[in-house]
Amino acid sequence: MAAESTKEATADGHKVTTVVDGTDATAAAPTEPKVAIVTGGSVGIGAAIAKRYAAEGATVATVYKSNDEGATAIIKEIEDSGGKGKAFKADVSQVANIEKLVADVIAEFGRVDILVNNAGVFRTVPVMETTEEIWDEQLDLNLKGYFFMVKTLVPHFRENGGGKVVNISSIAGTGAFPNCPGYCASKGGVVNMTRALAAELGKEKINVNSIAPGNVATPLNAHVRGPGNEEYVELMKTFTPTGIDFMDPEDMTGTAVFLATEDSRMIHGETVIVDAGWSVW
């Protein structure tokens, strides 16, 4: 992934080179841009990460299930800013769709270097109102889909000599909240699955890490931020030392960029909490 400047430093006896604008500071010839898959890339956190990656020089495959208008708009925004990307329509809760998606992206761009597992669904439902359908919907997309996206890409990462995986979890996966047992279970599963995948794949230079956002204003939680929820929104401000109720999706992008670069090469299986300070209480 490209950045804005090229730097070379020595740390612990290892030379660290930042690749920018497609140019390796240690080589005369330019390197190919990184290719990133971002699921749930038509709105919210996924869209913000897709745009940031493109701005940093990566070629971005944004994946969406049904929001044709949103996906088209994100790619247009990327291209209008001088970036490169393409939207791919796929339900990543289904393994067959995942396998086709990965094959299509590789056929289009020739490689995949970075995976951001972001597609998700959030249902606010008490225990006694949680049906099998509601439970399966969240676990299938938020957890099963993440695993099989990684599994499908592992052979390709091995051929490339490594890869980067950034799973989007939640503070609902590092803590617990009432009235969303399925969501908490799925996101908690992401946290520990990230560690398990890192334990197995780290020796192959495949970095698997996670970001746990706090409250972020996205379509997933629009139902708790709309009219009639003013008291709830004000309450959320008291839960962070920063006084922030809901962060912007763009607040997640710096961490997502870092975890996709060689600067994070020694970080494996970690969940980085980005929550405006919620977790300090």
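Every read-out reported here was derived from the displayed coordinates using simple, explicitly stated rules and does not represent laboratory data. The model shown is predicted, which means the values in this text are computed figures rather than measured ones. Don't worry about glycine lacking a Cβ; one is built from the backbone with ideal geometry, like all the others, and counts go over all protein chains shown.
Quickly work out the Glu231-to-Ile267 label distance, labels modelled 7 Å from Cα along the C-beta direction, and quote it in nm with one decimal.
4.0 nm
Run lengths n ≥ 4 of DSSP H only: what is the helix-derived mean residue ellipticity at 222 nm for the chain, with -39500 (n - 2.57) per run over all residues, to the nearest 500?
That calculation yields -11500 deg cm²/dmol at 222 nm.
Is there a quick way to get the dipole size of segment 32-275? I mean about its Cα centre, with the Cβ of Lys and Arg at +1 and of Asp and Glu at -1; what is the value in debye to the nearest 20?
That gives segment 32-275 a dipole magnitude of about 700 debye.
In a shell of Cβ-Cβ distance under 10 Å around Asp113, excluding Asp113 itself, what net charge do Lys and Arg (+1) and Asp and Glu (-1) give? Provide the component values of the computation, followed by the final result.
Numbers: positive: Lys34, Arg111, Lys164; negative: Glu32.
Charge balance in the 10 Å sphere: +2.
Determine which lysines satisfy two conditions relative to Lys144: a Cα distance under 17 Å, and not lying fewer than 8 residues away in the same chain.
Lys65, Lys100, Lys187
Which of Asp68, Asp140, Asp251 ends up with the largest GNM mean-square fluctuation for the chain, with Cα atoms connected below 10 Å?
Judging by the Gaussian network model, the answer is Asp68.
Let's test this: bin the Cα-Cα distances of segment 70-113 at 10 Å from zero up to the farthest pair and state each bin's percent.
Values per bin, smallest distances first: 26, 44, 28, 2.
Go through (i) -0.41, -1.28; (ii) -0.33, -1.48; (iii) -0.33, -1.31 and flag the label whose value is the computed log10 I(q)/I(0) by the Debye sum over Cα atoms at q = 0.08, 0.16 Å⁻¹ for this structure.
This structure yields the entry labelled (iii).
Under 20 Å from the Cα of Lys34, which lysines turn up, not counting those fewer than eight places away in the same chain?
Answer for Lys34, where 20 Å is the Cα cut-off: Lys7, Lys51, Lys76, Lys84, Lys86, Lys151, Lys164, Lys205, listed by chain and number.
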